Amino acid sequence: MNVRENLRGARLLLVTDPRPDLVARVESAVRGGVDVVQIRDKRASREELIPLSAELRTVCERGGAIFTVNDDVGLARISGADGVHLGHEDARTRDARALLGPGAIVGRSAGTLDEALNALHDGADYLGIGAVYATPTKPEGDVGGLRLVQEISRSNLPIPWFAIGGVTLETAPEVAAAGASGFAVVRAVLDAEDPEAAARELKVHLSA
């Protein structure tokens, strides 16, 4: 798989949360068209996440999806992930790539246009833009709303970006209409009765 080529066409990024049937749900979601899977578990140790990362990497390899790790460059290296996603307080892009190798992809989070442009300048391969809506981890005061999506869309960034934060099957149409080039979701897919169907439905809005 050519990871960078696949990333250019990626539209749907799935961020995981801890749950006992996670691997089966991710496998279903990848069948539905999830392009990137990012393992995220703020509570588990690196050692606890190593076997789960191996399972998810295998699922992604079979389904042609990109597998990345949230925050932990060391886990990304140990697990053989395709790359890592980093927040504002995490390692620098160039340092992460130095550890993972030049072929690794590095994503960054951005909550403003300035942050997005800075991440681009620093060499990020893709961006998570948001939060768009308030979520359990992002209160109302920390969200950019559809105005942020519109502003990023007008900037014509030369790398893929995914609107994140409260993107659901209900809100997806308006986020896409605001100019989002991709969605990053958690519960919209993982909480769905049929993750495969939910992923397919989300991608419909991005192909319009």
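The values are calculated or read from the model by the stated rules, or taken from the named source; none is laboratory data. Since this is a predicted model, take the numbers as computed values, not measurements. Every residue, glycine among them, receives a Cβ derived from its backbone with ideal geometry; neighbour counts consider all protein chains shown.
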Quiz item: Tell me, which helices (runs of 4 or more DSSP H) lie completely within region 85-154 with 2 or more residues that are polar (S, T, N, Q) and more than 14 Å from the chain's Cα centre (by Cα)?
Solution: 145-154
Practice problem: Within region 177-192, work out how many residues are within 20 Å of Arg108 (Cβ to Cβ), buried (at least 24 other Cβ atoms within 10 Å of the Cβ) and in contact with a helix residue (DSSP H, G or I) (Cβ under 9 Å, 6 or more places away or on another chain). | Solution: 4
Quiz item: For Glu174, are the conditions met, namely being of a type in the set (Asp, Glu), surrounded by 18 or more Cβ atoms within 10 Å (Cβ to Cβ) and either in contact with a helix residue (DSSP H, G or I) (Cβ under 7 Å, 6 or more places away or on another chain) or touching a residue at least 60 places away in the same chain (Cβ under 8 Å) (or both)?
Solution: no
Practice problem: Considering (1) under 14 Å from Val186 (Cβ atoms); (2) of a type in the set (A, V, I, L, M); (3) in a loop (DSSP other than H, G, I, E, B), say which one Ile159 fails and leave the rest. | Solution: (1)
Quiz item: Does Arg46 fit the bill of being touching a Gly at 6+ places or on another chain (Cβ under 7 Å) and over 21 Å from Gly123 (Cβ atoms)?
Solution: yes
Practice problem: From Ala192, Ala199, grab the single residue that is modelled with pLDDT of 95 or more and not in a loop (DSSP other than H, G, I, E, B). | Solution: Ala199
Self-check item: Search result, residues across region 123-151 that are modelled with pLDDT under 95 and acidic (Asp, Glu)
Solution: Glu140, Asp142
Exercise. Please work out which one of (1) part of a helix (DSSP H, G or I); (2) of a type in the set (A, V, I, L, M, F, W, C); (3) at pLDDT below 95 is the condition Val204 fails and give its number.
Key: (3)
Quiz item: What are the residue pairs meeting all of these: first residue in region 105-123, first residue within 19 Å of Asn70 (Cβ to Cβ), second residue small (Gly, Ala, Ser) and assigned to a helix (DSSP H, G or I), Cβ atoms under 6 Å, and 6 or more apart or on different chains?
Solution: Val106/Ala96; Arg108/Ala119; Ala110/Ala116; Ala110/Ala119
Quiz item: In region 15-24, what count of residues is obtained for those that are surrounded by 20 or more Cβ atoms within 10 Å (Cβ to Cβ) and either among the hydroxyl-bearing types (Ser, Thr, Tyr) or more than 13 Å from the chain's Cα centre (by Cα) (or both)?
Solution: 1
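Anything in region 56-71 that is within 12 Å of Val36 (Cβ to Cβ) and either at pLDDT below 95 or in a helix (DSSP H, G or I) (or both)? List them, or say none.
Leu56, Cys60, Gly63
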Exercise. Say whether the condition of being surrounded by fewer than 21 Cβ atoms within 10 Å (Cβ to Cβ), modelled with pLDDT under 95, touching a helix residue (DSSP H, G or I) at 6+ places or on another chain (Cβ under 8 Å) and not aliphatic (A, V, I, L, M) is met by at least one residue in region 72-88.
Key: yes
Self-check item: Test set (1) of a type outside the set (S, T, N, Q); (2) buried (at least 21 other Cβ atoms within 10 Å of the Cβ); (3) closer than 15 Å to Leu190 by Cβ - Ile66 fails condition number
Solution: (3)
Quiz item: Which ones in region 18-55 are over 16 Å from Val84 (Cα atoms), in contact (Cβ under 8 Å) with a residue 12 or more places away in the chain and out of contact with any strand residue (DSSP E or B) (no Cβ under 8 Å at 6 or more places or on another chain)?
Solution: Pro18, Arg19, Leu22, Val23, Arg25, Glu27, Ser28, Arg31, Gly32, Arg43, Ala44, Glu55
